[in-house]
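These notes are about the structure you will find just below.
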Amino acid sequence: MTNVHDSEQKSVPADAAGDVHAAISAGRILPVVVLEDARAAEPLAEALTAGGLRSVEVTFRTDAAADAIRAMSARADLLVGAGTVLTPAQVDDAVEAGARFVVSPGFSPRVVAHCQELGVPVFPGAATATEIQFALDAGLDTVKFFPAEQLGGLAMIKALAAPFRSVRFIPTGGVNTGNLADYLAHPAVFAVGGTWMVAPDLLAAGRWDEVTRRTAAALAAARAV
Ligand code: 3PG
């Protein structure tokens, strides 16, 4: 992937797509983090890696996102991406903070184009055949499928995967330890995402052991597929 990144900003590694693919496909679980206080970022990163995770999505739903990404991406054993990225300016903030990939809930041509200019792997949301065609037109083959359960879950993914044989999905929204194996068993599913192992009440209370426990349980369930 070509890096045409502005020299004033952090550079993106030359094999950004390969690195991201490897880190996410290692566990096929992508925690979606909503952090209110960036001071929790370091213990959270420790808890996730202790549970065996190598990748995490930190959402721009709070003001703490950029600082949290900065703190977590200092670790060599964790690949940190930015989620809920809605604007090109947030792409810049995310990359400057150290994000190695970008996730959006929907398909924004501006966000996708800006990520591609910077050489940052991007997973936009695509929940309909039309949106998937936008993603394909943009040269992408992996999309977020959000909100997965509300959209029809695995049945919807199976239906969409029939015409779009090259597309891989990251279902997120209503995914948990109980249903992740069903999703991951389908060849069109690249990974699953969600908040269940990083639930806001766990983060607020600093229940890091429980984050580690849920993370390890999720990874074990994914490995058993
Ligand atoms: C997301 O942005 O991906 C969702 O908020 C995660 O959904 P969940 O809380 O149901 O896991």
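Net length available on complete extension from residue 75 to residue 209 is 46.3 nm, with 0.36 nm assigned per residue and the Cα-Cα distance removed. In terms of the Cα gyration tensor, with a ≥ b ≥ c the square roots of its eigenvalues, is the range 4-223 rounded because a/c is under 1.5, prolate because a/b exceeds b/c, or oblate? Here the range 4-223 falls in the oblate category.
Projecting the Cα atoms of 22, 80, 124 onto the charge dipole of the chain, computed from C-beta unit charges around the Cα centre, puts 22 farthest toward the positive end. Report the label-to-label distance for residue 22 and residue 199 in nanometres (one decimal), using points 7 Å from each Cα along the Cα→Cβ vector. Modelled inter-label distance: 3.5 nm. Averaging the sequence gap over all C-alpha pairs within less than 8 Å and six or more residues apart, then dividing by the number of residues, gives the chain a relative contact order of 22 percent. When each of the peptides 120-130, 159-169 is scored by how many other beta carbons lie within 10 Å of its residues on average, the order from highest to lowest is 120-130, 159-169. The range 142-208 and the range 30-103 have their alpha-carbon centroids 19 Å apart. When the Cα positions of 68, 197, 180 are compared along the charge dipole of the chain, 180 comes out farthest toward the positive end, with charges on each C-beta of Lys, Arg, Asp and Glu. Rounded, prolate or oblate: pick one for the range 117-169, where a ≥ b ≥ c are the square roots of the eigenvalues of its C-alpha gyration tensor, a/c under 1.5 means rounded, and failing that, prolate if a/b is larger than b/c, else oblate. It comes out prolate by the Cα gyration axes. Looking at the square roots a ≥ b ≥ c of the eigenvalues of the Cα gyration tensor of the range 91-215, which shape do they give, rounded for a/c under 1.5, prolate if a/b is larger than b/c, or oblate? It is oblate, given that a/c is not under 1.5 and a/b is not larger than b/c.
For residue 28, neighbours were defined as the other residues whose beta-carbon sits under 15 Å from its Cβ, and their charges (Lys and Arg +1, Asp and Glu -1) total +2. In a simple Cβ point-charge model (Lys, Arg +1; Asp, Glu -1; nothing else charged), the range 103-225 has a dipole of about 200 debye relative to its Cα centre.
Its Cα gyration tensor gives the range 44-120 an equivalent ellipsoid. The semi-axes, each the square root of 5 times an eigenvalue, are 22, 12, 11 Å from largest down.
Electrostatic bookkeeping for residue 185 treats Lys and Arg as +1 and Asp and Glu as -1; over the other residues with beta carbon under 15 Å from its beta carbon, the sum is +3. Of all DSSP beta bridges confined to the range 4-223, the antiparallel ones make up roughly 0%.
GNM remark for the chain: springs join alpha carbons under 10 Å apart, and the peak mean-square fluctuation among 116, 133, 150 falls on 150. In the context of the full set of protein chains, residues of the chain present 43 Å² of accessible surface per residue (probe radius 1.4 Å, heavy atoms only).
The values are calculated or read from the model by the stated rules, or taken from the named source; none is laboratory data. These numbers come from a predicted model, not from an experiment. When we count neighbours, we look across all protein chains shown, and the Cβ atoms used for this are built from the backbone with ideal geometry, even at glycine. Note: accessible area is taken over every heavy atom of the protein model, side chains too, but ligands, DNA and RNA are not part of it. Shrake-Rupley method; radii C 1.70, N 1.55, O 1.52, S 1.80 Å.
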